[in-house]
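Q: There's a structure below that I have some questions on.
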Amino acid sequence: MSSSRKIPHADRFTRQQVLKFLIPSLAGVLLFMVPLPYNEGLTIPVAWLAKGFEALLGGALPFIAVVLMGVALFGSLAYAFGGLRKNRKHALLRKLFAVSPLLLLARMLGFLFALLTLLEWGPEWLISEDTGGLLLESLLPLLIAVFLFAGFFLPLLMNFGLLELCGALMSRIMRPVFTLPGRSSIDCVASWIGDGTIGVLMTNKQYEEGYYTQREAAVIGTTFSVVSLTFSIVVLAELGLEHLLMPYYLTIVITGFVLALVMPRIPPLSRKPDTYISEAAGSRESGTPENTSAWRWGWSLAVRKAQDPDNRLTSFAKSGMSNVLDMWLGVLPIVMTLGTISLILAEYTPLFRWLGAPFVPLLEWMQVPEAAAAAQTMVVGFADMFLPAILGSSIESELTRFVIASLSVTQLIYMSEVGGAAAGIEIADRLKGFDPDFCAAHPHRAAHHCPDGPLAAVKG
């Protein structure tokens, strides 16, 4: 480490400079990481606001979801073929609507599935409450509400120095234990205490801004984006195991910790490239200078970050709303498309039963009762984490139901929420990269995702 890096003494920071770091950062911690009592349980304020918003609008949210997906589709069509393309220099319009033909197709399917479900037109296998209805009536309203508040307030955690402070303090723990940078500790805690989709959103934003490599973003998104404690209790209640809450959640925590240690060190996560979204991004994480404490260095980085001219109130609001619109228009259609298709396969085909068959001998060897009935729940959770609880609720063995409840939550990746959101971001990112307008609007992504990006010659 270079000892030439100078850090200002704490006395050099004015009270106003320190408060500009402390107030937004503490507000972000309160909103995203401090659980508060809610309906005889605990939840973070952002989730509380989202639930209140969802309850306030009630049955209007499925209609709003269809409208948002319609805006995404017809805005993309207008940008590609209509007059909206004249505004190509407008950065936000390009970000929202400059898409490839494949992503345009995904937006078409998502809007079509949602519209048919809303109007109750079409076959039962498409619009039933177990397939399209589950997505439109339950998941999309939740995502709209979560994305609204989490996306808008996310700059409080990311832009005012908190990540710089945690990065300096936690790098000596997170890097050797979980192979992650110190700043990822905020993502991990927000995911475990709050909601998996919040963790996905935070991770994606930091990857786009060059703080995480592809491997690090994949590890956080697939290892730490667990469902909230509240929803874990819902799963437990469906299986009639409320009296086992403490051993149940302790099992989840221990299992999740062990998996977070092991999974980043084995394929496929270990084979993910440790490359940033652009060449210039790799220097974002810097170590502590010699003869300087981690606390002092982190404090200096944090307070200086808070003084960024872009952290004015108007910039904060613009950044927050840009996050919200990007998630609403970019992710909702893909979640609807992938989630509906996955649920149709789970409910109306024997695919997951076939995929679960190899688990029968393993469960029998482990002496799990009713192994055949439990086996299909091992895989069906990929479509939706609540499906194993629904399928397993009729199983008589309490031990088997406990195993199903624990596996359904520690599985983490399910297409109706976290997996859909992560895939929506990943697919949108990859597909947008082949659109020339997108490449021009996002030069930091063009290096890795555009065929003729600035690194094409180096790569080729």
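Q: Taking the stretch 47-64 only, how many residues are outside any helix (DSSP H, G or I) and among the hydrophobic types (A, V, I, L, M, F, W, C)?
A: First pass over the stretch 47-64, keeping only residues outside any helix (DSSP H, G or I): 58-59.
Of the ones still in play, those that are also among the hydrophobic types (A, V, I, L, M, F, W, C) are none.
Matching residues across the stretch 47-64 total 0.
Q: Report those helices (runs of 4 or more DSSP H) wholly inside the stretch 326-445 carrying at least 3 residues which are at pLDDT below 75 and either of a type outside the set (Lys, Arg) or surrounded by 17 or more Cβ atoms within 10 Å (Cβ to Cβ) (or both).
A: Answer list for the stretch 326-445: 418-432, 436-441.
Q: Starting from residues that are in contact with a Gly (Cβ under 8 Å, 6 or more places away or on another chain) and farther than 20 Å from residue 201 by Cα, keep the ones in the stretch 223-264 and report whichever is modelled with the lowest pLDDT.
A: The qualifying residue modelled with the lowest pLDDT is 233.
Q: On the basis of being touching a helix residue (DSSP H, G or I) at 6+ places or on another chain (Cβ under 6 Å) and surrounded by 24 or more Cβ atoms within 10 Å (Cβ to Cβ), does residue 168 make the cut? Full working, then the answer.
A: On the way: touching a helix residue (DSSP H, G or I) at 6+ places or on another chain (Cβ under 6 Å): yes; surrounded by 24 or more Cβ atoms within 10 Å (Cβ to Cβ): yes.
In short, yes.
Q: I would also like to ask the following. Test residue 392 against the criterion of being farther than 14 Å from residue 236 by Cα, among the small types (Gly, Ala, Ser) and not assigned by TED's automatic domain parsing to the domain that holds residue 134, and give yes or no.
A: Values: farther than 14 Å from residue 236 by Cα: no; among the small types (Gly, Ala, Ser): yes; not assigned by TED's automatic domain parsing to the domain that holds residue 134: yes.
In short, no.
Q: Can you tell me which condition residue 267 does not meet? The list is (1) at pLDDT 70 or above; (2) over 30 Å from residue 20 (Cα atoms); (3) part of a helix (DSSP H, G or I), and all the others hold.
A: (3)
Q: When you scan the stretch 112-140, how many residues do you find that are assigned to a helix (DSSP H, G or I) and more than 23 Å from residue 50 (Cα to Cα)?
A: Taking the stretch 112-140 as the starting set, the residues that turn out to be assigned to a helix (DSSP H, G or I) are 112-119, 124-127, 132-140.
Okay, now just the ones that are also more than 23 Å from residue 50 (Cα to Cα), so 112-113, 115-117, 119, 124-127.
The number of residues fulfilling the criteria is 10.
Q: Among what's in the stretch 313-325 and is in contact with a helix residue (DSSP H, G or I) (Cβ under 7 Å, 6 or more places away or on another chain) and at pLDDT 85 or above, pick the residue that is surrounded by the fewest Cβ atoms within 10 Å (Cβ to Cβ).
A: That would be 321.
Q: With respect to residue 151, is the statement that it is within 20 Å of residue 341 (Cβ to Cβ) and small (Gly, Ala, Ser) true? Even if it seems obvious, please write down each step before you answer.
A: Working: within 20 Å of residue 341 (Cβ to Cβ): no; small (Gly, Ala, Ser): yes.
Criteria not met by residue 151.
Q: Taking the criterion of being surrounded by 18 or more Cβ atoms within 10 Å (Cβ to Cβ), of a type outside the set (A, V, I, L, M) and at negative phi, would at least one residue in the stretch 265-275 satisfy it?
A: There is no residue in the stretch 265-275 that is surrounded by 18 or more Cβ atoms within 10 Å (Cβ to Cβ), of a type outside the set (A, V, I, L, M) and at negative phi.
Q: With respect to residue 50, is the statement that it is crowded, with 21+ Cβ neighbours inside 10 Å and out of contact with any Pro (no Cβ under 9 Å at 6 or more places or on another chain) true? Quick ask: steps written out before the conclusion?
A: Details: crowded, with 21+ Cβ neighbours inside 10 Å: yes; out of contact with any Pro (no Cβ under 9 Å at 6 or more places or on another chain): yes.
Criteria met by residue 50.
Q: Can you tell me which residue in the stretch 9-40 is farthest from the chain's Cα centre (by Cα), limited to those that are at pLDDT below 85 and surrounded by 13 or more Cβ atoms within 10 Å (Cβ to Cβ)? Can you show your working first?
A: Step one: list which residues in the stretch 9-40 are at pLDDT below 85, which gives 9-12, 32-40.
Narrowing the set further to residues that are surrounded by 13 or more Cβ atoms within 10 Å (Cβ to Cβ) leaves 32-35, 38.
On the way: 32: 14, 33: 16, 34: 19, 35: 19, 38: 23 Å.
For the stretch 9-40, the residue satisfying everything is 38.
Q: Considering only the stretch 302-325, state which residues are of a type in the set (Lys, Arg) and not in a helix (DSSP H, G or I).
A: 312
Q: Using beta carbons and a limit of 6 Å, which pairs, at least six apart or on different chains, have the first residue in the stretch 368-397 and at negative phi and the second one among the charged types (D, E, K, R) and in a loop (DSSP other than H, G, I, E, B)?
A: From residues that are at negative phi, the pairs are 395/370; 397/370.
The values are calculated or read from the model by the stated rules, or taken from the named source; none is laboratory data. Remember, it's a predicted structure, so these values are computed and weren't measured experimentally. Cβ sites come from the backbone with ideal geometry, for glycine too, and all protein chains shown count toward neighbours.
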